[in-house]
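These notes concern the structure reproduced below.
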Amino acid sequence: MLGKSDCPACAVWTEELTTFLENDSEWISVRFGKLLLDQPGLGGFKKANPWLAGLKDLPLNLIYIEGEKVKEFLGSGADRLANRLRRLLAPPAP
């Protein structure tokens, strides 16, 4: 999740996601992270992702699979996130 330290919606989503993950057993093999874009130390990430300069709406959720960004969506909602993960990580149909 990308956010900023002064973003109320980001704080709400962080709290919801934290609670969800504390009680979840389905996504234990998935890594979740949060980057606060207004914190120091993200110069390399920002240079590698120049589209961040135009980012206005937060929180932004990014899903990477094997190092490749495969999905991004604004907003929060543990159910929304879980549904997207299920679709993206579903085994291919035979």
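None of the figures in this text is laboratory data; all of them are computed from the coordinates on show. Bear in mind that the values here come from a model prediction, so they are computed numbers and not experimental data. Cβ atoms come from the backbone with ideal geometry, glycine included; neighbour counts cover every protein chain shown.
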Connecting C-alpha atoms closer than 10 Å in a GNM of the chain, tell me which of ALA78, ALA53, ALA11 has the biggest fluctuation. ALA53
Which distance in nm do the two modelled labels at VAL30 and LYS71 give, with both placed 7 Å along the Cα-to-Cβ direction? 0.7
How high is the FRET efficiency between LYS56 and ASP6 when r is their beta carbon distance and R₀ equals 22 Å, given to the nearest 0.05? 0.95
Over segment 2-89, calculate the relative contact order: mean separation of alpha carbon pairs under 8 Å at least 6 apart, over the residue count, as a percent. 36
Fully extended, how many nm does the chain gain between TYR64 and LYS47 (0.36 nm per residue separation, minus their Cα-Cα distance)? 4.3 nm
Of the candidates LYS46, LYS34, LYS71, which one comes out as most mobile in a Gaussian network treatment of the chain with C-alpha springs shorter than 10 Å? LYS46
Net charge over other residues, Cβ less than 13 angstrom from the Cβ of CYS7 (K, R count +1; D, E count -1): -1
Connecting C-alpha atoms closer than 10 Å in a GNM of the chain, tell me which of LEU17, LEU74, LEU42 has the biggest fluctuation. LEU42
Positive end of the charge dipole of the chain (Lys, Arg +1 and Asp, Glu -1 on Cβ, about the Cα centre): tell me which of SER25, LEU35, CYS10 has its Cα farthest that way. LEU35
Pairwise FRET efficiency - ASP79 versus GLN39, Cβ, R0 = 41 Å, nearest 0.05: 0.90
Find the centroid of the Cα atoms in segment 45-94 and in segment 2-35, then give the distance between the two in whole Å. 13
Match the structure shown to one of the listed values [x] -1.19; [y] -0.94; [z] -1.05 of log10 I(q)/I(0) by the Debye sum over Cα atoms at q = 0.21 Å⁻¹, computed from it, and give that label. [x]
